1. Would you list, by chain and number, the lysines whose Cα falls below 17 Å from the Cα of Lys82, excluding same-chain residues fewer than 8 positions away?
2. Taking amide H atoms as placed 1.01 Å from N in the peptide plane, list the residues 5 or more away in sequence, or in a different chain, whose amide H sits under 5 Å from that of Phe110.
3. Hey, what do the phi angles of the stretch 95-103 turn into as Karplus ³J(HN,Hα) couplings, whole Hz, using 6.51/-1.76/1.60 and θ = phi - 60°, x for Gly and Pro?
4. Calculate one ³J(HN,Hα) per residue across the stretch 37-49 by plugging θ = phi - 60° into the Karplus curve 6.51 cos²θ - 1.76 cosθ + 1.60, and present them in order as whole Hz with x for glycine and proline.
5. So what J values fall out for the stretch 60-65 if you push phi through Karplus, 6.51 cos²θ - 1.76 cosθ + 1.60 with θ = phi - 60°, rounded to Hz, Gly and Pro as x?
6. Can you tell me how much longer the chain between Ser87 and Thr108 gets when fully stretched, taken as 0.36 nm per residue apart minus their C-alpha distance, in nm with one decimal?
7. How far, in nm, would the chain grow between Met78 and Ser38 when pulled straight, counting 0.36 nm per residue and subtracting the alpha carbon separation?
8. How far is it, in nm, from the label point at Asn63 to the one at His116 when both lie 7 Å from their Cα along the line to the Cβ?
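Throughout, read-outs are computed from the coordinates displayed, never taken from laboratory work. Because the structure is predicted, anything quoted here is derived from the model rather than measured. Reconstructed Cβ throughout: ideal geometry from the backbone, glycine too, with neighbour counts over all protein chains shown.
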Amino acid sequence: MIRRLSAFTIILYSLTGLSFGNSVHQSPSTLLNHTGESVQLSCSHNIPSYDTILWYQQPQQGNGMKLIGRVYFNNPEMEGEKRFNMSGDGRWQAFLNIDKLEAKDSCTYFCAVSKHGSADSLPG
């Protein structure tokens with residue numbers, strides 16, 4: 001029986017400017033898993049005033065990014081599918097877990113960090 005593979009490419013991406021000495025790390029950098037399996041992605045940062053970690057998904061055929069959810073302090077807020085869940089603390093590390101992988105999960109996943117509510121204060 002042939003099993004279908006889903007490839008996951010993970011790319012570090014930060015939506016905020018970082019000063020020297022601050023960093024955001026996303027791991028693993030690349031995953032190759034079978035459909036039906038589960039995966040865990042990790043995002044960590046060392047920026048003291050940032051309290052939110054966000055996860056985005058960019059489909060292979062799509063141009064835009066879709067917000068999966070965010071972790072503000074230790075409170076996850078999900079936007080998408082129930083097979084996706086998050087845990088951790090937005091002040092330093094958060095995890096994105098995807099259960100029962102499907103072919104459509106083969107995407108690029110981005111992690112970003114921010115200050116809670118900072119998007120609300122941007123000039124319009």
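1. Result set, ordered by chain and number: Lys66, Lys100, Lys104.
2. It is Tyr56, Gln57, Gln58, by chain and number.
3. For the stretch 95-103, the Karplus curve yields 10, 10, 10, 10, 9, 6, 3, 10, 4 Hz.
4. 7, 10, 9, 10, 10, 10, 9, 9, 8, 10, 9, x, 8
5. Running phi through 6.51 cos²θ - 1.76 cosθ + 1.60 with θ = phi - 60° gives 4, 8, x, 9, x, 10 Hz.
6. Details: separation 21, 0.36 × 21 = 7.56 nm, distance 1.97 nm.
Additional length available on full extension: 5.6 nm.
7. Details: separation 40, 0.36 × 40 = 14.40 nm, distance 1.76 nm.
Full extension of this stretch gives 12.6 nm more.
8. 3.5
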